[in-house]
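K.L.:
Below you'll find the structure I mean.
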Amino acid sequence: MAVISYRQALHDTLRAELARDPAVFLIGEEIGVFEGSYKITAGLLAEFGPDRVRDTPISEEGFVGAAIGAAMLGLRPVVEIMTLNFTLLAINQIVNHAAKMHAMFGGQVSVPMVIRTPGGGGQQLAATHSQNIEVWYAHVPGLKVVAPSTPADAKALLAAAIRDDDPVIVLENLALYNTKGEVPDGEQVAEIGRAAVIKPGRDLTVVAYSRASVIALDVARQLEDDGVSIEVIDLRSLRPLDRDTICASVRKTSRAVVLEDDWLSYGVGAEIAATIQEGAFDFLDAPVRRVAAAEIPLPYAKPLERAALPDAGALAKVIREVLDATRFAR
Amino acid sequence: MADVLMPRLSDTMAEGVLSHWLKKQGDPVRKGDVLAEIETDKATMELEAYDEGVLERLLVPEGATVPIGQLIAVIGDGHHAAAAPAVPPAPAPPPAGPGKPATAPEPGTPTAAGTQIRTSPLARKIAHSHGIDLATITGTGPGGRIVRADVEAAAASAEGGPAAVAAASPPPEPGQAAAAAAADGQADDEEVPLTAVRRITARRLTESAAAPHFYLTGVIDAGPLLAFRAEANDRLAAAGAKVSVTDLLVRACAVTLRGHPQVNSSWGGDKIILHRRIHVGVAVALDDGLIVPVIRDADRKSLREIAAEARVLAERARAGKLAPQEFTGGTFTVSNLGMFGVDHFTAVINPPEAAILAVGAATEEPVIRDGQLAGRPTIKLTLSIDHRVLDGATAAAFLRDLKDTLQEPLRIVI
């Protein structure tokens, strides 16, 4: 088992999948000669050639459409869209075509396409380049949306996405690319739709995904010193959503807080809260609380950007409020 | 509408006493206005409004003890101000007529008193499985919500407490029992509810009982010390300043501790913590408890600075206005009961500190000096030591040097 970065795990997995299956090819802006805006595809053009690693013009709707066509005819395209924000230029192709083909053609075709794209704020890229609109895609039946939070999951979920016969959006995160972690050697393919209990606990469940899972784990470890036992669930997949793991945890802890980088209203946390009240209502000792981004276009100024994004302090405060409201005794 | 909840004002706070409302029902409030004074573990702190509007409802009477997170007031737009009484009447007794078991009302259903029972789903489920009537339980969650802890407490007292006895023998008529209890209680004993300070004092001193103590007593010739104090006060009189024996002791302990870092330490569970800075606490008696304001860096402050600071801290302590940082973080404590005429006593260590010095009164005692019997003022000093941190010889060396310092008081100030 090697300790490598999230970025390296993505790169290594793309390389391994290109080598494993000749139907796999990469397509996107600046991924070949320039080796990717975030260098995930470094060296792959040289190794696999321009048929397998295709640079495109700045034309998201065009190259996503091309990938859908290729997928329908048996290839396995892995599209890189420079950031999640730019998927909006291709949203008609993604939502109206990729997500619908299999059902509307009566199962005669499928669209085994992957869209890799990083979301997230915190890099001072301002309002139009810092969004967490993954929930837009998680809303749509026919799509799958996975969100790895660790290098190991980046490897296992990307491999699973490439081998899946449905269109899968792999949500990466700018703040995670340089994070490091242990990654098991050899072939690792995750089961899409299975959440992970990344820290077991007794007193309160924190549900998170992507960057927020990393924060949640930190906060849980800090609170451990204060005698609070937090269970942290990393969703890993937003669609399908592993409702059973969430509800089983809350049935044990009776308290739940969601940490999400997206906006509060209509966000992932809203879906989790609804899931909990449907599946664990009789076990709740306090309302489910959500810690999310401020409902504003994300500011450019560093102090304002920091204030608008949820952080460890905000999560710890809400956890304490829930514990206090239920007379939690250490 | 904005709920005002009992805030967590310190890390150790579990509940607060609402000592005074500074706004009345119906008063307009702005962000930052002080709504109430809240007595926490040890200090009285101000509760500020975070919202703007009209204080529509005050839900807690003055003097009430309220767990953190509980609803204590509502700030609204003023339209609901007249709807509710300022402070709710005492909750009605559970409607349990003789021979007719009380039935649990559906949650959310208005009860006879016109209020709704608020309960968490989990609390309701547990209450149902134990056959407990939710109407008999007082909720301690936000807005009086019944939470799991409330039901579990009720279930525990029903199983092991008086309820079990009552089930075994025919219950007395409720009226009779209450009257008998009241008559008994009022005749001989008075029950005094614990104040927050009394409760925390009790808890802290009980913690101290876990430390294995040993005691060392020494006697000093206080003549030079008292003479020094008289002389110092003559000089300071023009400036309106005054130095007490306690102030001299604080400074003497502080300068002596410099040479005895092991004594300026605390018990850390799996380690001993040596403190580089010397913060000396001075025990101050309150009407309803004890508090130890701390003079920070006492070895680096002049006698006059210590005297002035000690006076201000003691006044603030008696007024209940000490800020948390003014009574925490001490590394050694001095407790002086000399002014009460106590000759000698042992003090209870203020955990997690390693030692405390108990100081008795200066009394005229016969001593033999150069073969002659003479009367000399003496003071008895008793050091209480946590044996987990310090051994006898180490503590004895400190007490010896402290005695030397006090008997040559110029060493206190140079």
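Readers should treat all values here as calculations from the given coordinates under stated rules, not as data from a laboratory. Just so you know, these numbers come straight off a predicted model, no measurement behind them. Virtual Cβ from ideal backbone geometry, glycine too; neighbours counted across all protein chains shown.
K.L.:
So how do B:Arg251, B:Arg318 line up by other beta-carbon neighbours within 10 Å, fewest first? Intermediate results must be reported in sequence, preceding the final value.
P.N.:
Numbers: B:Arg251 25, B:Arg318 14.
If I rank by nearby Cβ atoms, fewest first, I get B:Arg318, B:Arg251.
K.L.:
Can you give me the C-alpha center-to-center distance between the stretch B:341-378 and the stretch A:105-124, rounded to a whole angstrom?
P.N.:
Here the answer is 82 Å between Cα centres.
K.L.:
Relative to the longest principal axis of the C-alpha atoms of chain A, give the angle of the C-alpha long axis of helix A:268-279, reported between 0 and 90° and rounded to the nearest 10°.
P.N.:
60
K.L.:
Another question, then. Could you work out, residue by residue across A:319-329, how many beta carbons of other chains sit within 10 Å of that residue's beta carbon, and then give the average as an integer? Before the final figure, lay out the partial values.
P.N.:
Numbers: counts 0, 3, 5, 1, 2, 12, 12, 12, 15, 3, 2.
Going residue by residue through A:319-329 and averaging, the value is 6.
K.L.:
Over the residues of the protein assembly as shown, compute the C-alpha Rg and express it relative to 2.2 N^0.38 Å. Before the final figure, lay out each step's value.
P.N.:
Working: Rg = 34.8 Å, N = 744, 2.2 N^0.38 = 27.1 Å.
Taking the Cα Rg and dividing by 2.2 N^0.38 Å, one obtains 1.28.
K.L.:
Report the longest stretch of chain A that contains none of the GluC sites (Glu not before Pro) sitting in a DSSP loop with at most 14 other Cβ atoms within 10 Å. Before the final figure, lay out each step's value.
P.N.:
On the way: sites that count: A:Glu187, A:Glu191, A:Glu295.
That gives A:1-186 as the longest site-free run.
K.L.:
Could I ask something else about it? Which peptide among A:136-146, B:284-294 comes first, and what is the full order, when sorted by highest mean count of other Cβ atoms within 10 Å?
P.N.:
Details: A:136-146: 20.8, B:284-294: 18.3.
Most protected by this proxy first, the peptides run A:136-146, B:284-294.
K.L.:
Grab the DSSP H runs of chain A that are 4 residues or longer, score each as -39,500 (n - 2.57), total them, divide by all residues and round the 222 nm result to the nearest 500 deg cm²/dmol.
P.N.:
Numbers: 11 runs with 114 residues, N = 330.
The helix contribution divided over chain A gives -10500 deg cm²/dmol.
K.L.:
Could you please state, rounded to a whole Å, how far the C-alpha centre of the stretch A:247-307 is from the C-alpha centre of the stretch A:61-100?
P.N.:
Comparing the Cα centres of the stretch A:247-307 and the stretch A:61-100, I get a distance of 30 Å.
K.L.:
With angles folded into 0 to 90 degrees, how steeply does helix A:243-253 sit against the dominant principal axis of chain A? Use alpha carbons for both and round to 10.
P.N.:
That works out to roughly 20 degrees.
K.L.:
Sticking to Cα atoms, compute the Rg of the stretch B:242-281 to one decimal and its Dmax as the biggest Cα-Cα distance, whole number, in Å.
P.N.:
Radius of gyration, then largest Cα-Cα span, for the stretch B:242-281: 12.2, 43 Å.
K.L.:
Give, as ranges by residue number, the residues of the stretch A:59-79 whose backbone N falls under 20 Å from the point 7 Å along Cα→Cβ of A:Val109.
P.N.:
What the label zone holds, given the 20 Å backbone N cut-off, is A:60-79.
K.L.:
Among B:221-232, A:89-100, how do they line up by average Cβ neighbours within 10 Å per residue, starting with the highest?
P.N.:
On the way: B:221-232: 17.2, A:89-100: 19.2.
The packing order, highest mean first, is A:89-100, B:221-232.
K.L.:
On to the next question. Convex hull over the alpha-carbon atoms of the stretch B:266-334: what's its volume per residue in Å³? Before the final figure, lay out each step's value.
P.N.:
On the way: hull volume 6.2 nm³, N = 69.
Dividing the Cα hull volume of the stretch B:266-334 by its residue count gives 90 Å³.
K.L.:
Oh, and also: Counting partner chain Cβ atoms within 10 Å of every residue's Cβ in A:279-288, what's the average?
P.N.:
On the way: counts 0, 2, 3, 7, 5, 6, 14, 9, 3, 0.
Averaged over the peptide's residues, the number is 5.
K.L.:
Using DSSP to define loop residues, name the trypsin sites (Lys or Arg not before Pro) in the stretch B:256-293 whose beta-carbon has at most 10 other beta-carbon atoms within 10 Å.
P.N.:
On the way: sites: B:Arg258, B:Lys271, B:Arg276, B:Arg277; in loops: B:Lys271, B:Arg276, B:Arg277.
Those satisfying the criteria are B:Lys271, B:Arg276.
K.L.:
Per-residue mean of other chain beta-carbon atoms within 10 angstrom of the beta-carbon, peptide B:120-126?
P.N.:
On the way: counts 10, 9, 12, 4, 1, 5, 2.
Partner-chain Cβ atoms within 10 Å, mean over residues of B:120-126: 6.
K.L.:
If one takes the longest principal axis of the Cα atoms in chain A, at what angle in degrees, from 0 to 90 and to the nearest 10, does the Cα axis of helix A:151-163 lie?
P.N.:
50
K.L.:
Taking other Cβ within 10 Å of each residue's Cβ, how do A:Tyr6, A:Tyr38 sort, fewest first?
P.N.:
Values: A:Tyr6 26, A:Tyr38 19.
Listed from fewest to most nearby Cβ atoms, that is A:Tyr38, A:Tyr6.
K.L.:
Between B:Val4 and residues 5 or more places away or on another chain, which pairs have amide H atoms under 5 Å apart, with H built 1.01 Å from N, and which residues are they?
P.N.:
B:Ile72, B:Ala73, B:Val74, B:Ile75
K.L.:
Taking amide hydrogens as modeled 1.01 Å from N in the peptide plane, which residues meet the under 5 Å criterion relative to A:Leu238, leaving out close sequence neighbours?
P.N.:
When sequence neighbours closer than 5 places are left aside, the close amide H contacts are A:Val145, A:Val146, A:Ala147.
K.L.:
Students often get this wrong, so check it: of A:Lys180/A:Lys317; A:Lys317/B:Lys42; B:Lys31/B:Lys321; A:Lys199/B:Lys271; A:Lys100/B:Lys125; A:Lys144/B:Lys125, which have C-alpha atoms separated by over 32 Å?
P.N.:
On the way: A:Lys180/A:Lys317 27 Å; A:Lys317/B:Lys42 23 Å; B:Lys31/B:Lys321 23 Å; A:Lys199/B:Lys271 29 Å; A:Lys100/B:Lys125 44 Å; A:Lys144/B:Lys125 37 Å.
Pairs exceeding 32 Å: A:Lys100/B:Lys125; A:Lys144/B:Lys125.
K.L.:
So, one more: Sort B:Asp3, A:Asp285, B:Asp270 so the one with the fewest other Cβ atoms within 10 Å of its own Cβ comes first. Let's see the in-between values first.
P.N.:
Values: B:Asp3 16, A:Asp285 29, B:Asp270 5.
Least crowded to most crowded, the residues run B:Asp270, B:Asp3, A:Asp285.
K.L.:
Follow-up. Please enumerate, by chain and number, the lysines with C-alpha under 28 Å from the C-alpha of B:Lys380, excluding those fewer than 8 residues away in the same chain.
P.N.:
Within the straight-line cut-off, B:Lys380 pairs with B:Lys242, B:Lys301, B:Lys403.
K.L.:
Another question, then. What are the principal axis extents of the Cα atoms in the stretch A:196-325, in Å, biggest first?
P.N.:
Computed over the Cα atoms, the extents are 43, 34, 25 Å.
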